[in-house]
Amino acid sequence: MSDSFDVIVIGAGPAGYHAAIRTAQLGLNTACIDKSLGKDGEPAPGGTCLNVGCIPSKALLDASHKFVDARDHFPAVGINVGEVTVDVAAMMARKDEVVKGLTGGVAGLFKGNGVTSLPGTGRLLADRRVEYTSHSGETRVLQAEHVILAPGSVPVDIPPTPLTDDLIVDSTGALDFDHVPERIGVIGAGVIGLELGSVWNRLGSEVVVLEMLEEFLPMVDARIARDTLKILQSQGMQILLGTRVTGATPGKDGVAVSYQTSDGEQTVTVDKLIVAVGRRPFTDGLLADDSGVNLNEQGFLIVNDTCATDIENVYAVGDAVRGPMLAHKGMEEGIMVAERIAGSKPLVNYDCVPSVIYTHPEVAWVGKTEQELKASGEDYRVGSFPFAVSGRALAANDTQGMVKVIADGETDRILGVHILGPQASEIIAQAVIAMEFGACAEDLGLTMFAHPTLSEALHEAALGVAGHAVHMVNRKRK
Ligand code: FAD
Ligand code: NAD
């Protein structure tokens, strides 16, 4: 094998593997170094997303949702299935199979597209040289014309709750419980806390979520966040806001978690404690002292709008750079950098990054929230539509939530779309497309939507911006 490449990518998560595949497709001689190993000890490209993130969590969210549906909601639509039980081992085995299939798929795509896959660790040296250490410990120095750093992120630890083998775990541990614990504590009511809390709550655990902030989901539209909180609480999740965890003591009866609220110091004992307080860039050992690439105060690799670092022809993408830690954001950055290296000039539109929380109902949004617009004094109008009056949602017996469209008060251009509801993760794509094309609320209102669909709620909310929603009482039509 040659030691010289047009492009070397370090990290084969969504950001890195997209970059590597696209540079290879564009005719560049590409190598990708990745250190992740699967449960079988074999190289497992795909990063956090495929191995311990998006995919395994969604496998468990979908399975646990099906369980709740069968147990609690089938009778209402005329289906009786008798006692519904959970086989945790089978659920986990299926999840692991999905992960293995997909990481194997990335390995196959590397092979098919001509990416040289280098399992092991990469370290950036000066002058675009990369030190590659294989899993068996052999080290070689490779030379690249271009280097793309995509090392991703790892969970943040907090001093009061050091992880243990199996009682105090991070998100990775919480994807692998071998039984349904009776009582689970979750630190952090963020995306991971709510998704993994939902999984285990659905499967029968009593779940208590301890969140430091007074406000629930501050990044979400305030009305949607309020409704989400109520719905999750009605599903049995206990969510304690304004709660500072001060310690956790593992013992034979579980973990005694102490926390402080405005009422003083309290304690709760749980069988498992999940720490989900955020993620940090994973740059440990990535950069030699003279690599020239710089980190900011929070440890993120410093890049400009097009993901270029301070060193010419060295780029960084994904969770390890500024912006939301989302797989699709990293994928688009990986593609952008690959195409820029090959001579095109694409950009990532950071104003149109969709976010989703895969609870049920799902929460999805893109663009500005109403509270952001209020704070900046912008003129805006809002149209909203509840799923409670959507024909398709009623037919599916799945009516919680709403769609909210926010448009510029003067130009009618869509500024944000916020959804709480069934399949919000799918519906939000239509809002993203509309915003990418610079659509007005009226454009969406003039678009024909298939009936009956959940997407019609987006159509009606867009019509509602001008007070024209049909399935709402509105006597002041203009
Ligand atoms: P990563 O996926 O973290 O991949 C980085 C890779 O680089 C890893 O394989 C790592 O081992 C490797 N690496 C690091 N340093 C080196 C080195 N020096 N040498 C060699 N290899 C190295 N996002 C979503 O958009 N949707 C979701 O539904 C979603 N769900 C999630 C659920 C959970 C439980 C978690 C934890 C995360 C979830 N995320 C989700 C976030 C998502 O996983 C990340 O945003 C995404 O994986 C980041 O991609 P990345 O390529 O930047 O990094
Ligand atoms: P997060 O930032 O979403 O939430 C962390 C929460 O923990 C916050 O609410 C924070 O206030 C709270 N917190 C922090 N320190 C605390 C403490 N000491 N005590 C109590 N609460 C504390 O982070 P996360 O949930 O760990 O997720 C990490 C990243 O992974 C996120 O950036 C997210 O975008 C990504 N992710 C995305 C998805 C998705 O797209 N569906 C799913 C999972 C993870």
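Values in this text are rule-based calculations from the coordinates and carry no lab data. Given the structure is predicted, the values throughout are model-derived calculations rather than measurements. Here Cβ is always computed from backbone atoms with ideal geometry, including for glycine, and neighbour counts include all displayed protein chains.
Electrostatic bookkeeping for GLU339 treats Lys and Arg as +1 and Asp and Glu as -1; over the other residues with beta carbon under 9 Å from its beta carbon, the sum is +3.
Loop only per DSSP, at most 15 neighbouring Cβ atoms within 10 Å: give me the GluC sites (Glu not before Pro) in segment 395-478, ordered by residue number. Could you put the intermediate results ahead of the total?
Details: sites: GLU410, GLU426, GLU436, GLU442, GLU456, GLU460; in loops: GLU410.
Listed in order of number, the matching sites are GLU410.
For a footprinting-style exposure proxy, rank LYS58, LYS329, LYS35, LYS252 by other Cβ within 10 Å, fewest first.
On the way: LYS58 16, LYS329 22, LYS35 19, LYS252 4.
Least crowded to most crowded, the residues run LYS252, LYS58, LYS35, LYS329.
With the helix formula -39500 (n - 2.57) applied to DSSP H stretches of n ≥ 4, the chain reaches a computed 222 nm mean residue ellipticity of -9000 deg cm²/dmol.
With 32 Å as the limit, write out which pairs from LYS58/LYS368; LYS35/LYS252; LYS111/LYS368; LYS66/LYS329; LYS66/LYS100 have Cα-Cα distances beyond it, or answer none. Before the final figure, lay out each step's value.
Numbers: LYS58/LYS368 26 Å; LYS35/LYS252 36 Å; LYS111/LYS368 41 Å; LYS66/LYS329 29 Å; LYS66/LYS100 22 Å.
Pairs exceeding the cut-off: LYS35/LYS252; LYS111/LYS368.
Two decimals is fine: what is log10 I(q)/I(0) at q = 0.06, 0.10, 0.11, 0.12 Å⁻¹ for the chain, from a Debye sum with one equal scatterer on every Cα and no solvent? Summing over Cα pairs of the chain leads to -0.30, -0.85, -1.02, -1.18. Quick one: Debye curve from the alpha-carbon atoms of segment 141-232 only, equal weights, vacuum; give me log10 I(q)/I(0) at q = 0.14, 0.15, 0.24 Å⁻¹ to two decimals. These q points yield log10 I(q)/I(0) values of -0.63, -0.69, -1.34.
Among bridges DSSP assigns within the chain, what percent are antiparallel (round to 5)? Kindly include the intermediate steps, with their values, before the conclusion.
Details: 53 of 85 bridges.
If we restrict to bridges inside the chain, about 60 percent are antiparallel.
Projecting the Cα positions of VAL268, CYS32, GLY78 onto the charge dipole of the chain (unit charges on Cβ atoms of Lys, Arg, Asp and Glu, taken about the Cα centre) puts GLY78 furthest along the positive direction. The Cα-based radius of gyration of segment 361-464, divided by its Kirkwood radius, gives an Rg/Rh of 0.96.
Based on DSSP, what percent of beta bridges with both residues in segment 181-321 are antiparallel, to the nearest 5?
On the way: 16 of 28 bridges.
Bridges in segment 181-321 are about 55 percent antiparallel.
When only the Cβ of Lys, Arg, Asp and Glu is charged (+1, +1, -1, -1), the dipole of the chain relative to its Cα centre reaches about 960 debye. 3J(HN,Hα) couplings calculated from phi for segment 362-373 with the Karplus curve 6.51 cos²θ - 1.76 cosθ + 1.60 (θ = phi - 60°) are, in sequence order, 7, 10, 9, 7, 8, x, 7, 8, 5, 5, 5, 5 Hz; Gly and Pro show x.
First select every other residue whose beta carbon is under 13 angstrom from the beta carbon of TYR380; then total the charges, Lys and Arg +1, Asp and Glu -1. Overall, the nearby charge balance is -3.
In segment 33-149, the ratio of gyration radius to Kirkwood radius, Rg to Rh, stands at 1.20 when only Cα atoms are counted. From least to most packed, judged by other beta carbons within 10 angstrom and beginning with the fewest, LEU118, LEU446 follow the order LEU446, LEU118. Look at the dipole of segment 118-182 built from charges on Cβ: of ILE158, VAL180, THR121, the Cα furthest out on the positive end belongs to THR121.
Using the Cβ of ASP443 as centre and a radius below 15 Å, the other residues enclosed give a net charge of -3, where K and R count +1 and D and E count -1.
Relative contact order of segment 9-77, taken over Cα pairs closer than 8 Å and 6 or more residues apart, is 27 percent.
For segment 168-277, what does the alpha-carbon gyration tensor say about shape, rounded, prolate or oblate, given a ≥ b ≥ c as the root eigenvalues, a/c under 1.5 as rounded, and a/b over b/c as prolate? Don't skip to the answer; put the middle values down first.
Details: a/c = 1.86, a/b = 1.23, b/c = 1.51.
Oblate is the answer for segment 168-277, as a/c is 1.5 or above yet b/c matches or exceeds a/b.
Let a ≥ b ≥ c be the square roots of the eigenvalues of the Cα gyration tensor of segment 281-359; is it rounded (a/c under 1.5), or, if not, prolate (a/b larger than b/c) or oblate? It is oblate, given that a/c is not under 1.5 and a/b is not larger than b/c.
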